[in-house]
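Shown next, in structure tokens, is the structure this report addresses.
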Amino acid sequence: MKFYAPTKVYLEKNSVKNHGREMASLGSKALIVTGRHSAAANGSLKDVTDVLEEYDVPYIIFNEVEENPSVDTVAKAAELAIGEKADFVIGIGGGSPLDAAKGVAIMAGNPEEGVECLYEKKPLKPLPFVAVPTTCGTGSEVTPNAVLTRPALHKKGSMSHNVNPDLALVDGKYLASASRNLLISTSVDALSHSIEARLHSNANEYNHMFSEYALRIWSGLIPYLTGQKEADEETYQRFMLSSTTAGMAIAQTATSLPHALSYPLTLDYGVAHGRACGFFEAAYMEEYARNKPEDVECILNLLGFADLAAFDAFMKDLLGPQAIAEEDSDKIADSLISSGKTSTYPFPIDRDGVMRILRKSLEVM
Ligand code: NAP
Ligand code: FE
């Protein structure tokens with residue numbers, strides 16, 4: 001059994017301020033990578049720049065990362081880092097800025113390489129990297145992956161290099177500015193990570209612990225997602241804990257079929273990442289239960305659902321309906337089969353099996 005978790009994580013109130021010295025000691029000039037607005041609005045950017053100023057570490061800010069960031073954005077930020085001689089990278093935001101920042105850490109650490117290096121299989125050492133998450137879904141602060149969009153290929157997928165953050169400074173207080181919609185979408189991503197890591201070809205007892213613990217925490221968050229309860233500071237820390245813990249689980253296994261099916265929905269239908277994954281979880285579990293129902297029962301017990309039908313109804317209610325053109329569902333099934341990603345599913349599955357998942361999850365028109 002393998003378990004590898006090299007990131008030092010602090011999850012607590014005022015995490016950035018409390019551990020600023022460690023962050024500031026990672027280099028002599030920082031490139032801070034953020035999205036366009038949220039990091040400035042929720043206080044995370046100011047927390048980071050206050051600390052850097054306190055320790056006299058100069059910094060520059062790249063704040064142009066879009067959702068589902070493209071390799072072109074990564075290349076633009078890396079050019080800035082190289083020109084400014086930044087020697088470490090701090091990503092602040094949701095999964096999009098964190099993943100873009102991982103790509104920047106690779107490119108700026110290897111200035112002789114072009115943007116195509118992101119998807120080449122050669123060993124490249126990244127610059128030191130700090131992650132400050134402000135959404136509660138991707139777990140990117142503890143995973144080695146960076147999911148980037150490649151516009152020229154009309155494709156979304158993990159870059160070839162692993163960038164494990166040196167430091168993850170996690171603080172639920174940044175979630176206070178998130179809409180319920182964003183909380184739902186991103187926490188359903190964390191739920192998806194817990195389920196897919198638990199029901200994965202690479203799953204083992206170590207990462208079961210992380211998936212199962214994350215699922216237990218997630219079940220306590222349901223009333224806040226449905227609007228029955230109002231979240232407070234403590235709740236936001238729980239949202240972060242479920243997300244970071246689920247990230248620790250997928251860091252060991254990677255994701256499975258629902259994530260693979262979600263990328264075309266995001267690219268072609270503009271569906272937010274977590275929602276796009278969430279549509280497929282119930283049907284994925286149903287497919288899996290044909291082979292090993294006890295694993296699915298374990299998940300349902302931890303989440304507090306009596307059976308799969310109750311979980312399916314809850315997810316459909318939480319996420320709403322999603323339609324897809326029949327020709328697109330055919331294309332998605334074909335591309336999943338040819339990608340080889342079915343190997344992430346522990347049992348044999350053919351195109352009919354994939355179509356079963358698609359048809360149960362979406363309204364195929
Ligand atoms: P995101 O794309 O990073 O952000 C979504 C939106 O939320 C943006 O408009 C952002 O604004 C805003 N936002 C961020 N933090 C906020 C806050 N605290 N309050 C209010 N608004 C806030 O969303 P995400 O779901 O976290 O990340 C999705 C990306 O991560 C996808 O590309 C997905 O494929 C990837 N992903 C990566 C991994 C991994 O292991 N690396 C795993 C799963 C998914 P701004 O743009 O202004 O910042
Ligand atoms: Fe995800």
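The values are calculated or read from the model by the stated rules, or taken from the named source; none is laboratory data. Given the structure is predicted, the values throughout are model-derived calculations rather than measurements. Note: ideal-geometry Cβ built from the backbone for every residue, glycine included; neighbour counts use all protein chains shown. Only protein heavy atoms, including side chains, enter the accessible area calculation; ligands, DNA and RNA are left aside. Shrake-Rupley method; radii C 1.70, N 1.55, O 1.52, S 1.80 Å.
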Give me the distance in nm between label points sitting 7 Å out from Cα along the Cα-to-Cβ direction at R290 and N162, one decimal.
3.3 nm
Considering only protein heavy atoms and a 1.4 Å probe, what is the carbon-and-sulfur percentage of the accessible area of the stretch 179-364?
48 percent
Counting each pair of different Cα atoms once, what's the Kirkwood radius of the chain in Å, rounded to one decimal?
20.5 Å
Taking 0.36 nm per residue of sequence separation and subtracting the Cα-Cα distance, how much length would be gained by fully extending the chain between E327 and K76, in nm to one decimal?
86.8 nm
The set of residues whose placed amide H lies less than 5 Å from the amide H of I90, leaving out same-chain residues fewer than 5 positions away, is L31, I32, V33, V130
Chain lengthening between S335 and D268 when straightened (0.36 nm per residue, less Cα-Cα)
22.7 nm
Over the stretch 8-173, what percent of the accessible surface lies on carbon and sulfur atoms, probe 1.4 Å?
50 percent
Give me the three principal axis extents of the stretch 83-169 from the C-alpha atoms, as integers in angstrom, largest value leading.
32, 31, 21
What translational diffusion coefficient, to the nearest whole µm²/s, does the stretch 1-145 have by Stokes-Einstein, given a Kirkwood radius computed over alpha-carbon pairs, a temperature of 10 °C and 1.306 mPa s viscosity?
104 µm²/s
Could you tell me the calculated FRET efficiency between E230 and K8, based on Cβ-Cβ distance and R0 = 45 angstrom, to the nearest 0.05?
0.85
As a quick test, which of the pairs K76/K155; K13/K122; K121/K173; K229/K341; K316/K341; K85/K173 have an alpha carbon distance above 27 angstrom in this structure?
K13/K122; K121/K173; K229/K341; K85/K173
So the FRET efficiency between H37 and D350, C-beta based with R0 = 56 Å and rounded to 0.05, is 0.80
Under the Kirkwood approximation for Rh and a Cα-based Rg, what ratio Rg/Rh is obtained for the stretch 179-364?
0.94
For the stretch 275-346, shape from the Cα gyration tensor axes a ≥ b ≥ c, cut at a/c of 1.5 then a/b versus b/c, turns out oblate
Can you tell me how much longer the chain between A313 and E113 gets when fully stretched, taken as 0.36 nm per residue apart minus their C-alpha distance, in nm with one decimal?
67.1 nm
